[in-house]
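The values are calculated or read from the model by the stated rules, or taken from the named source; none is laboratory data. On a predicted model such as this, the values are computed, not experimentally measured, just so you know. Please note: Cβ atoms are built from the backbone with ideal geometry, for glycine as well, and neighbour counts cover all protein chains shown.
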Amino acid sequence: MRKFLTGIVFLLAVGMFNFCAYADDPVVGPGKKVTLNYTLTVDNKDVETSVGKAPLAYVVGNHDIIPGLESQINGMRINEEKVINVEAKNGYGQVDLKAFKEFPVSALPKELTPKVGLVLQATSPDGSMFPAVISELKGDKVVLNFNHPLAGKDLTFKVKILKIENAPVVVPIPTIAAQQTK
């Protein structure tokens with residue numbers, strides 16, 4: 001009987017050790033801040049990497065990264081590496097023909113010589129900046145493409161999870177209106 005109880009105690013101790021090991025081994029999922037290295041390949045060419053630079057950090061569910069990448073990172077663990085293929089529709093979307101707009105060349109900065117493929121920095125009415133690519137020259141007009149430069153492209157990411165931690169909780173502070181006294 002003593003050997004039997006010793007065996008059960010041993011099994012419980014081993015079981016607790018395994019439980020603790022998994023409890024300290026977080027996985028990527030909701031409520032987590034994830035830090036990772038990545039290399040992005042498009043059309044068999046590396047176009048961007050964080051390797052040797054600052055790694056990418058994002059909070060799961062905040063829409064900080066493209067949905068096709070985030071969904072395939074979910075469930076990964078620290079030091080896990082994976083090659084992730086993302087179709088255009090789950091990356092930067094398909095090319096939207098409505099995003100091609102024609103402007104007079106005179107609307108461009110005077111010192112600029114327009115060329116097809118030239119990337120310009122455009123400003124929206126709210127002040128945010130975004131790229132626009134000259135896609136066509138038509139005499140005194142220029143056609144600008146406002147699609148994301150990777151729209152319509154399938155993407156391949158090589159990722160390595162570096163850190164997983166609980167995301168900071170952001171509590172909104174209520175706005176208190178100042179009351180005017182008479």
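Considered as a group, the residues in region 140-169 that are of a type outside the set (A, V, I, L, M, F, W, C) and part of a loop (DSSP other than H, G, I, E, B) include one that is farthest from Pro114 (Cα to Cα), and that residue is Pro168.
Summed over region 33-71, residues that are farther than 13 Å from Lys160 by Cα and of a type in the set (Ser, Thr, Tyr) total 3. When restricted to residues that are farther than 10 Å from Gly152 by Cβ and in contact (Cβ under 8 Å) with a residue 60 or more places away in the chain, region 84-106 contains 4.
Name every residue in region 75-122 that is under 23 Å from Leu150 (Cβ atoms), of a type in the set (Gly, Ala, Ser) and out of contact with any Phe, Trp or Tyr (no Cβ under 7 Å at 6 or more places or on another chain), in order of residue number. Once the filter is applied, which keeps residues that are under 23 Å from Leu150 (Cβ atoms), of a type in the set (Gly, Ala, Ser) and out of contact with any Phe, Trp or Tyr (no Cβ under 7 Å at 6 or more places or on another chain), region 75-122 yields Ala88, Gly91, Gly93, Gly117. Total residues in region 79-118 satisfying the condition of being surrounded by fewer than 11 Cβ atoms within 10 Å (Cβ to Cβ) and on the phi < 0 side of the Ramachandran plot: the figure is 11. I'd like the full set of residues that are outside any helix (DSSP H, G or I), more than 28 Å from Asn44 (Cα to Cα) and hydrophobic (A, V, I, L, M, F, W, C), limited to region 61-111. Matches in region 61-111: Phe103, Leu108.
Of the residues Leu155, Leu144, Leu120, Leu137, which is of a type outside the set (S, T, N, Q), out of contact with any strand residue (DSSP E or B) (no Cβ under 6 Å at 6 or more places or on another chain) and modelled with pLDDT of 90 or more?
Values: Leu155 fails: out of contact with any strand residue (DSSP E or B) (no Cβ under 6 Å at 6 or more places or on another chain); Leu144 fails: out of contact with any strand residue (DSSP E or B) (no Cβ under 6 Å at 6 or more places or on another chain); Leu120 fails: out of contact with any strand residue (DSSP E or B) (no Cβ under 6 Å at 6 or more places or on another chain).
Exactly one residue qualifies, and that residue is Leu137.
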